[in-house]
Amino acid sequence: EAERTMRLNNPNKSRANGTGVVFDPDPRTTLRNNSLQDTSPSGSFTNAYFTRDLLDIEFNGSRYYLNGPWVYILNWDPPNTPPSNTTDGNWTSTRGVNSFNDAMTYFHLDQNQRYIQELGFTGAMGIQEGSIGADTDGWNGADNSSYTPSTNRLTFGHGCVDDNEDADVILHEYGHAINHSISNFWFGGDTGAMGEGFGDYWG
């Protein structure tokens, strides 16, 4: 909580809007092509890319960082992959470059938190109404992703297709964060099955 508050209130950080190339939600859905594979030619994905706004990102006067009021990209889980930054606020990489995963993760988490607030869940009724940390290249490269309640952080693995190339996976993990925000005692009994089901629903 202290880390979250510090990031939101640091007076040395100014906010700006940028753009990012992303999948929204994923190539198979956008292109209606279930034959796409991780090893498909790069040109197969061309028409699945969209340029989306990256709102309220950090600008230090010379570089832009994907640190915002509702999500910040960080490096906390191996491998050691520093978060990307740009000189113009635009993330233009496509799949296969981790800065693409950074933009994907920031955009979809930020958009979802804003959506939750539009539903009226703000203030005393806020759900995850704070900046959640996300490591876009974690799990030591394994094909897995997770949410860690004790630190309010997400981590995404890169086994096979990078997990955060698919908005459904990003939002599934965010679903766990939503559950924990509603109830800090989210464990035991059927909560595991309920949580996985809700994560899929939220995605």
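The values are calculated or read from the model by the stated rules, or taken from the named source; none is laboratory data. What you see is a predicted model, and the numbers here were worked out from it, not measured in a lab. Virtual Cβ from ideal backbone geometry, glycine too; neighbours counted across all protein chains shown. Accessible surface is based on the protein model in full, side chains and every heavy atom, while ligands, DNA and RNA are left aside. Shrake-Rupley method; radii C 1.70, N 1.55, O 1.52, S 1.80 Å.
Residues of the stretch 80-107 that are touching a strand residue (DSSP E or B) at 6+ places or on another chain (Cβ under 9 Å) and of a type in the set (A, V, I, L, M): Ala103, Met104. Only one entry of Gly123, Gly159, Gly195, Gly133 meets the criterion of being open to solvent by less than 30 Å² (accessible area, probe 1.4 Å) and under 21 Å from Gly68 (Cβ atoms), and that entry is Gly133.
In this structure, Trp76 does satisfy being open to solvent by 50 Å² or more (accessible area, probe 1.4 Å) and under 15 Å from the mean Cα position of the chain (by Cα). Please go through the stretch 123-181 and pick out each residue that is over 12 Å from the mean Cα position of the chain (by Cα), closer than 18 Å to Ile73 by Cβ and hydroxyl-bearing (Ser, Thr, Tyr). Scanning the stretch 123-181 gives Thr148, Thr151. Residues in the stretch 93-115 that are among the hydroxyl-bearing types (Ser, Thr, Tyr) and open to solvent by less than 10 Å² (accessible area, probe 1.4 Å) were compared, and the one that is farthest from Thr46 (Cα to Cα) is Tyr106.
Scanning the stretch 79-107 for residues that are among the hydrophobic types (A, V, I, L, M, F, W, C) and within 14 Å of the chain's Cα centre (by Cα) yields Phe100, Ala103, Met104, Phe107.
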